[in-house]
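A short worksheet on the structure shown next.
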Amino acid sequence: MALDPDSSPGFLLWHATLRWQRDITAALAPLGLTHVQFVLLACAWWLNTQGEHPRQLALARQAGTDVKMTSQVLRTLEGKGLIEREVDPSDTRAKRLRVTAAGAELAPRAIAAVEEVDARFFPPGVRDEAVAVLRRLTAPGS
């Protein structure tokens, strides 16, 4: 039995995601970042602040992104002077990622812009419930 689109969780999720992505895109545009550039920069910055200089594969896993696409986006971030890829001394075929001073200055500003969007999109009465549902939906095996 077909559901009314307004009763379909997948359809509603689709529309909510589109609206949220539009808001994120608008918030990041003045900073010169796309959404995926933001995610990879923010993940690399966070890992660097934890004392890690991840390889590209580890960053892709952290971000939940495709490895080949991650490589392309990292080249763009490198071209913007936000990330450096250094040869891994233990494996010369691999590159370790380090956020530059410019990237380290931009990442927290971009995170704050995205958190502001999230605060509007998920107001206090909705935020905790949304996080619980999204954790269940993204859990391994779900």
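The values are calculated or read from the model by the stated rules, or taken from the named source; none is laboratory data. A quick note: this is a predicted structure, and the numbers were derived from the prediction, not measured. Counting neighbours? That spans all protein chains shown, and the Cβs are built from the backbone with ideal geometry, glycine included. Heads up: the accessible areas ignore ligands, DNA and RNA and are worked out on the full protein's heavy atoms, side chains in. Shrake-Rupley method; radii C 1.70, N 1.55, O 1.52, S 1.80 Å.
A few notes on this one:
- Yes/no for Thr65 being open to solvent by less than 60 Å² (accessible area, probe 1.4 Å), out of contact with any Ser or Thr (no Cβ under 9 Å at 6 or more places or on another chain), in contact (Cβ under 8 Å) with a residue 24 or more places away in the chain and in a loop (DSSP other than H, G, I, E, B): yes
- Pick from the stretch 90-117, criterion free of Cβ contacts under 8 Å to residues at least 40 places away in the same chain and open to solvent by less than 70 Å² (accessible area, probe 1.4 Å), ranking: nearest to Thr70 (Cα to Cα): Ala94
Conditions tested, residue by residue: (1) of a type in the set (Gly, Ala, Ser); (2) over 21 Å from Trp14 (Cβ atoms).
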{"residue": "Pro30", "(1), (2)": "no, yes"}
{"residue": "Val39", "(1), (2)": "no, no"}
{"residue": "Thr49", "(1), (2)": "no, yes"}
{"residue": "Pro54", "(1), (2)": "no, yes"}
{"residue": "Asp66", "(1), (2)": "no, no"}
{"residue": "Glu78", "(1), (2)": "no, yes"}
{"residue": "Ala110", "(1), (2)": "yes, yes"}
{"residue": "Val117", "(1), (2)": "no, no"}
{"residue": "Gly125", "(1), (2)": "yes, yes"}
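- Residues in the stretch 44-61 that are closer than 16 Å to Asp88 by Cβ and of a type in the set (A, V, I, L, M, F, W, C): Ala44, Leu47, Leu57, Ala58, Leu59, Ala60.
- When each of Leu59, Leu74, Leu31, Leu82 is tested for being touching a Lys or Arg at 6+ places or on another chain (Cβ under 7 Å), among the aliphatic types (A, V, I, L, M) and crowded, with 19+ Cβ neighbours inside 10 Å, the lone residue that passes is Leu74.
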